Amino acid sequence: MLQFGQWAAVIATTTGVVVMAGWITDLAPLTRIVPAFVTMKFNTALWIALDGSALLFRLGSKRAIAGVIALALASAVTRS
């Protein structure tokens, strides 16, 4: 059974991927989490998906990959 952190990581990754798919396919309903909310932008969805993936790797046995993802995210944030 999955732990809370694993569930959070799966939900974050899935949400990010679905929103990015909505932007790529130009399906507006997929770019919103709740219909009354504003759309989630593509770069936000990308960061959420990468954060969820890093958390999954960190909780699993692939901690080195999580470190690489975290380093890439940190460098991207500091450059903007």
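The values are calculated or read from the model by the stated rules, or taken from the named source; none is laboratory data. Values in this document were obtained by computation on a predicted structure and should not be read as measured data. Note that each Cβ is placed from the backbone with ideal geometry, even for glycine, and that neighbours are counted across all protein chains shown. Protein only, heavy atoms only, side chains kept; ligands, DNA and RNA dropped before computing areas. Shrake-Rupley method; radii C 1.70, N 1.55, O 1.52, S 1.80 Å.
Is it the case that the stretch 46-56 has a residue that's surrounded by 12 or more Cβ atoms within 10 Å (Cβ to Cβ), farther than 24 Å from GLN3 by Cβ and under 13 Å from the mean Cα position of the chain (by Cα)? So that I can check it myself, show each step before the final result.
Of all residues in the stretch 46-56, those surrounded by 12 or more Cβ atoms within 10 Å (Cβ to Cβ) come to 46-56.
Okay, now just the ones that are also farther than 24 Å from GLN3 by Cβ, so 46.
After this cut, where a residue has to be under 13 Å from the mean Cα position of the chain (by Cα) as well, the list is 46.
Among the residues of the stretch 46-56, at least one is surrounded by 12 or more Cβ atoms within 10 Å (Cβ to Cβ), farther than 24 Å from GLN3 by Cβ and under 13 Å from the mean Cα position of the chain (by Cα), which makes the answer yes.
Every test in (1) under 12 Å from the mean Cα position of the chain (by Cα); (2) under 22 Å from THR25 (Cβ atoms); (3) open to solvent by 40 Å² or more (accessible area, probe 1.4 Å) is passed by MET40 save one, and that test is (3). Residue-level analysis places ILE11 outside the set of residues that are modelled with pLDDT under 85 and touching a helix residue (DSSP H, G or I) at 6+ places or on another chain (Cβ under 8 Å). For the stretch 1-28, filtered to residues that are closer than 10 Å to LEU46 by Cα and not hydrophobic (A, V, I, L, M, F, W, C), the residue that is surrounded by the most Cβ atoms within 10 Å (Cβ to Cβ) is GLY16.
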